[in-house]
1. Filter the range 133-146 down to the residues that are open to solvent by 10 Å² or more (accessible area, probe 1.4 Å) and under 10 Å from the mean Cα position of the chain (by Cα) and list them by number.
2. Taking the stated definitions as given, is GLU221 touching a helix residue (DSSP H, G or I) at 6+ places or on another chain (Cβ under 8 Å), modelled with pLDDT of 95 or more and acidic (Asp, Glu)?
3. Kindly evaluate ILE361 against the criterion of being in contact with a Phe, Trp or Tyr (Cβ under 6 Å, 6 or more places away or on another chain) and surrounded by 20 or more Cβ atoms within 10 Å (Cβ to Cβ).
4. How many residues, within the range 14-37, are open to solvent by less than 70 Å² (accessible area, probe 1.4 Å), over 13 Å from ASP170 (Cβ atoms) and not hydrophobic (A, V, I, L, M, F, W, C)?
5. Does at least one position in the range 66-79 carry a residue that is touching a residue at least 24 places away in the same chain (Cβ under 8 Å), within 16 Å of ligand 1 (Cβ to nearest atom) and under 25 Å from ALA231 (Cα atoms)?
6. Would you confirm whether any residue within the range 85-101 is under 18 Å from the mean Cα position of the chain (by Cα) and farther than 18 Å from ASN264 by Cα?
7. Of the conditions (1) closer than 26 Å to GLY185 by Cα; (2) in a helix (DSSP H, G or I); (3) of a type in the set (A, V, I, L, M, F, W, C), ALA356 satisfies every one except a single condition; which number is it?
8. Of all residues in the range 126-158, which are over 27 Å from ASP175 (Cβ atoms) and small (Gly, Ala, Ser)?
Amino acid sequence: MTEQATRIQVGGTAGTDPYEVLVGRQLLGELPGLIGEGVKRVAVLHPEALAATGEALREDLASQGYEAIAIQLPNAEESKTAEVAAYCWKALGQSGFTRSDVIVGVGGGATTDLAGFVAATWLRGVRWIAVPTTVLGMVDAAVGGKTGINTAEGKNLVGAFHPPAGVLCDLAALDSLPVNDYVSGLAEVIKAGFIADPAILDLIESDPEAAKRPDGAHTAELIERAIRVKAEVVSADLKESGLREILNYGHTLAHAIEKNERYNWRHGAAVSVGMVFAAELGRIAGRLDDATADRHRSVLESVGLPLTYRGDQWPKLLETMKVDKKSRGDRLRFIVLDGLARPTVLEGPDPAMLLAAHAEIAA
Ligand SMILES: NC(=O)c1ccc[n+]([C@@H]2O[C@H](COP(=O)([O-])OP(=O)(O)OC[C@H]3O[C@@H](n4cnc5c(N)ncnc54)[C@H](O)[C@@H]3O)[C@@H](O)[C@H]2O)c1
Ligand SMILES: O=C(O)C(=O)C[C@@H](O)[C@H](O)[C@H](O)COP(=O)(O)O
Ligand SMILES: [Zn+2]
């Protein structure tokens with residue numbers, strides 16, 4: 001039985017299909033409605049860490065009459081590869097998966113990115129539903145239709161825009177999330193605070209310890225506020241022709257760090273360092289005031305997120321940043337702040353400026 005849930009609408013503008021993000025508890029009763037009529041097969045893609053959850057969901061769907069299969073993926077970034085996508089395509093092919101069948105991705109952002117990518121590519125696109133089970137998945141990855149995998153050259157370099165038919169954020173899933181992964185997700189929540197909704201920062205600063213816990217006083221509000229920021233942006237600009245770039249705040253450097261660490265750093269940890277870098281860049285460019293730049297360090301540190309990265313890696317990071325999706329030709333582009341909740345693009349910054357910003361995050 002579905003309890004009362006918060007419903008946040010996404011899309012429905014500029015020819016895109018609308019869908020809802022539900023936030024609450026015991027939401028799986030909503031799944032059959034989202035799967036829709038005339039569906040014969042459902043594939044549940046889940047990470048190894050959620051083997052029991054994935055199997056329980058498969059059994060539940062089978063008991064409702066679907067031909068349900070579970071496809072187990074490696075945990076975390078190991079699932080975001082061409083090999084794992086090919087493994088899924090094979091499983092779908094062997095089960096006779098057609099265009100009227102449905103994929104359900106249950107897991108963190110890595111799982112939903114991969115599940116969405118498999119849905120986007122199988123038969124050139126089948127319906128999919130996201131059931132995010134991490135903070136980061138709920139507030140960011142499962143919402144907005146960016147799906148994809150990593151390649152040897154960089155993060156998320158192959159993918160497609162393929163929005164889900166619905167997103168079910170069951171807050172109870174967060175109870176089993178390791179604290180390190182919980183905190184990693186807070187980086188994207190804090191990002192939403194800096195680019196659009198400073199009330200998020202106030203809530204975290206009022207009790208950083210509570211912000212790190214699923215039973216914290218403001219957990220649901222923080223998650224819902226961050227989802228609303230994301231929903232509003234992607235509804236206005238699904239394919240990142242402009243406004244959506246603000247969601248990439250901190251990501252230019254973050255993705256380079258993740259690649260440099262062979263994807264063994266959590267995305268949120270890298271985004272934390274990337275936001276400190278972007279704040280320094282904004283400050284050095286004369287756009288961001290000292291207080292707001294310093295606030296990045298204090299709020300990120302208060303929940304235990306990293307602020308620095310190995311200083312000897314700069315040449316490699318700079319090289320990797322050139323294939324960032326915001327780059328145009330040889331020109332690097334960064335999202336910086338003109339002030340709190342005033343994101344903007346910094347085009348082709350002077351190399352000396354980049355080096356100076358790097359000095360501020362170099363360990
Ligand atoms: N598509 C987008 O718009 C978008 C946005 C932000 C991030 N992302 C992507 O999301 C990924 C990061 O996602 P993440 O931070 O959720 O990490 P993740 O998916 O790697 O999950 C972290 C770990 O937690 C495990 N896990 C997941 N849910 C659990 C639960 N409830 N209990 C116990 N363990 C659980 C996973 O198996 C994994 O080992 C990155 O690949 C990033 O690029 C995508
Ligand atoms: O949804 C977006 O747009 C974002 O930029 C959100 C980011 O948090 C997310 O990590 C996204 O996957 C990055 O996109 P990319 O296009 O830089 O790979
Ligand atoms: Zn991100």
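1. Kept after step one, since they are open to solvent by 10 Å² or more (accessible area, probe 1.4 Å), are these residues of the range 133-146: 133-134, 136, 140-141, 146.
THR134, LEU136, ASP140, ALA141, LYS146 - these are the residues of the range 133-146 that are open to solvent by 10 Å² or more (accessible area, probe 1.4 Å) and under 10 Å from the mean Cα position of the chain (by Cα).
2. Answer is yes for this residue.
3. Values: in contact with a Phe, Trp or Tyr (Cβ under 6 Å, 6 or more places away or on another chain): yes; surrounded by 20 or more Cβ atoms within 10 Å (Cβ to Cβ): yes.
So ILE361 passes the test.
4. We begin by selecting, within the range 14-37, every residue open to solvent by less than 70 Å² (accessible area, probe 1.4 Å); these are 16, 19, 21-24, 27, 29-36.
Among the residues that remain, those that are also over 13 Å from ASP170 (Cβ atoms) are: 16, 19, 32-36.
When the remaining residues are screened for being not hydrophobic (A, V, I, L, M, F, W, C), the result is 16, 19, 32-33, 36.
Matching residues across the range 14-37 total 5.
5. Within the range 66-79, the subset touching a residue at least 24 places away in the same chain (Cβ under 8 Å) is 66-79.
From the residues that got through so far, the ones that are within 16 Å of ligand 1 (Cβ to nearest atom) too are 70-79.
Within this subset, residues satisfying the condition of being under 25 Å from ALA231 (Cα atoms) are 76-77.
Yes.
6. Just the residues of the range 85-101 that are under 18 Å from the mean Cα position of the chain (by Cα), to begin with: none.
No, because not a single residue in the range 85-101 is under 18 Å from the mean Cα position of the chain (by Cα) and farther than 18 Å from ASN264 by Cα.
7. Unmet for ALA356, out of (1) closer than 26 Å to GLY185 by Cα; (2) in a helix (DSSP H, G or I); (3) of a type in the set (A, V, I, L, M, F, W, C): (1).
8. GLY145, GLY148, ALA152, GLY154
The values are calculated or read from the model by the stated rules, or taken from the named source; none is laboratory data. What you are looking at is a predicted structure, and each value in this text was computed from that prediction instead of being measured. Because the Cβ atoms are built from the backbone with ideal geometry, glycine has one as well, and the counts that use them run over all protein chains shown. Heads up: the accessible areas ignore ligands, DNA and RNA and are worked out on the full protein's heavy atoms, side chains in. Shrake-Rupley method; radii C 1.70, N 1.55, O 1.52, S 1.80 Å.
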